[in-house]
1. Just grab the label-to-label distance for Asp46 and Arg434, each label 7 Å out from Cα along the Cβ direction, in nm (one decimal).
2. Can you tell me how much longer the chain between Lys323 and Asp390 gets when fully stretched, taken as 0.36 nm per residue apart minus their C-alpha distance, in nm with one decimal?
3. Gly330's amide H: which non-local residues (gap 5+, or another chain) put their own amide H closer than 5 Å, with H modeled 1.01 Å from N in plane and none for Pro or chain starts?
4. On a 24 Å Cα-Cα criterion, which of the cross-link pairs Lys426/Lys447; Lys283/Lys325; Lys325/Lys400; Lys281/Lys323; Lys380/Lys440 come out too long?
5. If you average the sequence gap of Cα pairs under 8 Å that are 6 or more apart and divide by the length of the range 174-279, what percent do you get for the contact order?
6. Report ³J(HN,Hα) in whole Hz for each residue of the range 174-188, in order, from the Karplus equation J = 6.51 cos²θ - 1.76 cosθ + 1.60 where θ = phi - 60°; Gly and Pro get x.
7. Per residue of the range 264-281, what does 6.51 cos²θ - 1.76 cosθ + 1.60 with θ = phi - 60° give for ³J(HN,Hα)? Whole Hz please, x for Gly and Pro, Karplus curve as stated.
8. Find the relative contact order for the range 323-460 and round it to a whole percent, using C-alpha pairs within less than 8 Å whose residues are 6+ positions apart.
Amino acid sequence: MSLIKSISGIRGTIGGKVNDNLTPLDVVKFASAFGTWLQNNKNKKDLTLIIGRDARISGQMVSSLVTATLQGLGINVVDLGLSTTPTVEIMVPELKADGGIILTASHNPKQWNALKLLNDKGEFISGENGAEVLALAESEDFNYAEVDDLGKYETRDDAFDIHIQQILDLPMVDVEAIKAKNFKVVLDAVNSTGGIAIPMLLDKLGCETIKLYCEPTGHFPHNPEPLKEHLGDICELVKKENADFGVVVDPDVDRLALIDEKGEMFGEEYTLVAVADYLLKHKNGVAVSNLSSSRALRDVAHTHNSEYFASAVGEVNVVTLMKEKNAVIGGEGNGGIIYPDLHYGRDSLVGVALFLTHLAKENKTVSELRAGYPSYFMGKKKIELTPEIDVDAILSKMEKEYENEEVSTVDGVKIDFENNWVHLRKSNTEPIIRIYTEAKSQEEADKLGDDIIAKIKSLI
């Protein structure tokens with residue numbers, strides 16, 4: 001099965017059978033459920049939703065289905081067309097809309113697409129609300145509008161301009177300092193909408209942009225997840241062009257990876273670390289990431305006499321904790337920057353602008369900047385268990401086994417040792433415990449994972 005129904009939306013592969021893949025009928029059902037849920041929870045007659053899509057091949061088809069379904073419910077649609085996840089998030093409150101739907105499967109390959117659901121603040125709907133939408137989708141209790149009450153449709157082509165201007169207006173984005181440096185930047189946008197938006201931003205910041213895979217055709221030239229093993233082309237081009245650094249974004253532009261001037265990965269975990277370093281240097285406050293993100297963020301926060309807190313994994317959980325702690329900066333270790341002075345969503349565009357400001361003011365190369373941060377290495381392993389084994393009981397035993405260490409049970413079990421950590425999370429779909437580790441060397445991180453697996457097996 002390649003259809004995944006979650007509290008934040010529906011994701012699947014195009015084609016195939018209904019309820020097994022993301023077929024037109026599944027798109028219509030889920031769009032109907034979200035639209036109906038909004039109608040049931042809003043005390044107003046005329047509702048408006050913002051929609052936008054990344055450049056993947058199925059995007060226009062899925063967009064047409066979603067648009068027609070919402071209009072069929074009597075809901076007005078403002079269509080941004082080719083857009084980014086953060087741009088749609090920005091435009092929902094900008095246009096005083098009642099919610100939004102982003103049509104993107106993020107870093108998944110081209111055969112995937114998804115409907116991601118936003119509330120009237122332009123933020124992902126809560127887990128509780130998502131469960132209500134899923135229940136509606138199962139019941140198919142929909143009531144469509146009669147012909148005189150169909151929703152209206154309009155398009156907007158100024159969303160990128162509005163998004164970028166809001167970034168340029170941020171006090172912590174120093175446009176003049178960036179322009180003075182005349183940065184040369186290589187961009188890999190994996191042939192999606194980052195190839196439109198990021199060059200517009202870089203141009204406003206006085207940067208020269210060398211484009212690589214920036215045509216929004218939806219034909220991804222490599223695996224779209226911005227990991228080292230997929231980014232050989234941009235690493236070579238940065239060196240060939242003698243660029244200051246490289247920028248890599250995923251298809252919907254909410255994850256940001258950087259390449260230094262030597263063609264080496266800056267490290268996805270360190271995108272957030274660098275931006276936090278800049279912001280916390282000028283404003284004491286709180287930094288937030290999730291439990292599986294690098295300890296480097298905590299270390300940098302502490303160097304600025306700032307606090308650090310970790311949430312359960314998932315953007316909704318990070319945002320919830322950021323609001324609770326009134327955080328200055330937050331995000332996830334996959335290159336997701338959440339800057340609340342702009343909006344509560346992962347945003348590669350604001351990440352680029354803040355990183356450029358930091359780089360300009362530090363007067364260092366990107367590799368020199370990276371060398372100034374604590375160096376950690378991460379490992380990812382899993383242990384497969386037989387279905388009859390109680391995974392929750394195993395995690396409880398691990399918690400007790402390490403009760404003299406710093407232990408968090410916010411999301412699975414995370415054990416913080418003096419020089420490293422391990423995070424254990426159970427899979428929601430199979431009897432597996434996922435094991436994330438971080439240490440001062442790759443060998444140590446991998447060994448910690450192996451040691452924990454041995455410990456788990458001894459407790460079974």
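Quick note: the coordinates plus some simple rules give every number you see, no bench work behind them. The structure displayed is predicted, hence computed values, not measured ones. Neighbour counts are summed over all protein chains in view; Cβ atoms, including those assigned to glycine, are modelled from backbone coordinates with ideal geometry.
1. Output for this residue pair reads 4.4 nm.
2. Using 0.36 nm per residue and subtracting the Cα-Cα distance, I get 20.7 nm.
3. Val288, Ile338
4. Violating the 24 Å limit, Cα to Cα: Lys325/Lys400.
5. Averaging sequence separation for qualifying contacts and normalising by length gives 27 percent for the range 174-279.
6. Rounded to whole hertz, the list is 9, 4, 5, 5, 5, 4, 5, 8, 6, 4, 10, 10, 9, 10, 10.
7. My calculation for the range 264-281 gives 9, 5, 6, x, 4, 4, 8, 4, 5, 4, 5, 5, 5, 4, 5, 5, 6, 5 Hz in order.
8. Once normalised by length, the contact order is 20 percent.
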